[in-house]
Structures are given as C-alpha cells and as structure tokens.
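The values are calculated or read from the model by the stated rules, or taken from the named source; none is laboratory data. What you see is a predicted model, and the numbers here were worked out from it, not measured in a lab. Quick reminder, even Gly has a Cβ in these numbers, built from the backbone with ideal geometry, and neighbours come from all protein chains shown. These accessible areas exclude ligands, DNA and RNA; they are computed on the full protein's heavy atoms, side chains included. Shrake-Rupley method; radii C 1.70, N 1.55, O 1.52, S 1.80 Å.
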Amino acid sequence: MVKNEIYNQCQLAVNELINVAKLKKGSILVVGCSTSEVLGSKIGTNSDPNVAEQIFSGIYDAVKEAELFLAVQCCEHLNRAIVIERRATCNCEIVNVVPQKKAGGSLATVAYHTFNDPVVVEEIKADAGLDIGNTLIGMHLKKVAVPVRLSINKIGQANLICARVRPKFIGGIRAVYDESLL
C-alpha cells in the first residue's frame, strides 16, 4: 500500500463527511480505527503505529482545517474510551490511562501523543463519526445516528462506515420539522 494512499483516503472521507453532515466549527468527529484491518489482518492482531500516523495525519489535517474537534476511540481493552483535547471534553469525567499499542490501539496512541493537551474520557457524544475496520463507534454518537455513504467505502483494506446525527423527532401527526436540521 502506498504511504500517501491511506492519508489521501482518510482526508477524502473526512472532507466528504464534514460536507454531508454539515458539521460546524466546534463539532466533534469521533473516529475508531483498526490498523490491523487497514492492513488486511484481523482486528487486534497487527497493530501498526506507522499506518496509524498516516491515518491520523489525513484525518487531523481535515479536522483542523474545518475547526472541528477530533475524538479518537481506544480499543476494547480500554473499554473504547476516547482520547480528545481537554478543551473539547464538555465537562466529561476524565479517566487516568495512557493508550498504548496493545491497550488502546495505535491510532489512539498517536492521538494521545500528538494532541496539545490530551485527556481520556469514558464517553463522548459526537456529531459524526468514521468507523474504520468495524470498531463499533456508535456508542459515542449523539442520538439519532444516520448512516452516510461516501464515494469510498474502504481505508486500505478496512471497511469504512460513517454516520452523522440529527435531532430527535418529537410530536405526532401534527408536528412540523425543520428541514435544515435533517
């Protein structure tokens, strides 16, 4: 796999998702990623920090340009906790753990060591998300999550599933909804 290919795929996916989800400055984008799956291996078997750096760079460059916050999900060994910048935590309770390649995953480790003021929280309610390699990010999305199809459906060899959120519909047959929020 060509080094820039993964970076480019990630940047394309994030930019498309930002547009489709109509994310605004300060929105939170959550990303879960198995570098093992990106490389064509079974999740959790081939964690690769170099691939994680390419993925992180492609995503983070697009997120910074759009003035969003990036939340990176850890692996199941840290209960899918979230690495995020402290200023984006919205008073979430911070937990004490430092992600590592085999306990947190390569992408979370790269995020922790790249963010200016990283913290780990147990959960976040994000506005949109990318799931690279079937990592189950749904628990970190606001209600109601809506699937988003992009022009690409893989990063490397990993499946790419994306979602945005919309406000809940309330009311009944007489309710009228604001189309701009859909």
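Numbers for the structure displayed
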{"item": "Rg/Rh (Cα only; Kirkwood hydrodynamic radius) as it applies to the range 59-103", "result": "1.00"}
{"item": "Where Cys90, Cys10 fall by accessible area, highest first, once all protein chains stay in place (1.4 Å)", "result": "Cys90, Cys10"}
{"item": "Pairs from Lys24/Lys125; Lys22/Lys101; Lys22/Lys154; Lys24/Lys102; Lys25/Lys102 whose Cα-Cα separation, in the structure shown, is over 26 Å", "result": "Lys22/Lys101; Lys24/Lys102; Lys25/Lys102"}
{"item": "The chain, accessible surface, carbon-and-sulfur percent (1.4 angstrom probe)", "result": "49 percent"}
{"item": "Gyration tensor verdict on the range 1-117 (Cα atoms; rounded if a/c is under 1.5, prolate if a/b is larger than b/c, oblate otherwise)", "result": "oblate"}
{"item": "Charge dipole magnitude, Cβ of K and R +1, D and E -1 - the chain, Cα centre, debye nearest 20", "result": "460 debye"}
{"item": "Estimated [θ] at 222 nm from DSSP helical runs (n ≥ 4, -39500 (n - 2.57)) normalised by residues in the chain, nearest 500", "result": "-8500 deg cm²/dmol"}
{"item": "Share, in percent, of DSSP beta bridges within the chain that are antiparallel, nearest 5", "result": "65 percent"}
{"item": "Cα-centre dipole for the range 120-182 with unit charges at Cβ (Lys and Arg positive, Asp and Glu negative), debye to 20", "result": "200 debye"}
{"item": "Using alpha-carbon coordinates, inclination of helix 3-21 to the longest axis of the chain, degrees", "result": "10 degrees"}
{"item": "Degrees separating the helix 49-65 axis from the principal Cα axis of the chain, which is the longest one", "result": "30 degrees"}
{"item": "Point-to-point label distance, Ser180-Arg87, nm (Cα→Cβ direction, 7 Å offset)", "result": "2.7 nm"}
{"item": "Cα-based Kirkwood hydrodynamic radius, the range 48-129, one decimal, Å", "result": "12.6 Å"}
{"item": "GNM flexibility winner over the chain from Ile43, Ile28, Ile152 (Cα, springs under 10 Å)", "result": "Ile152"}
{"item": "Per residue solvent-accessible surface (Å²) - the chain, probe of 1.4 Å", "result": "54 Å²"}
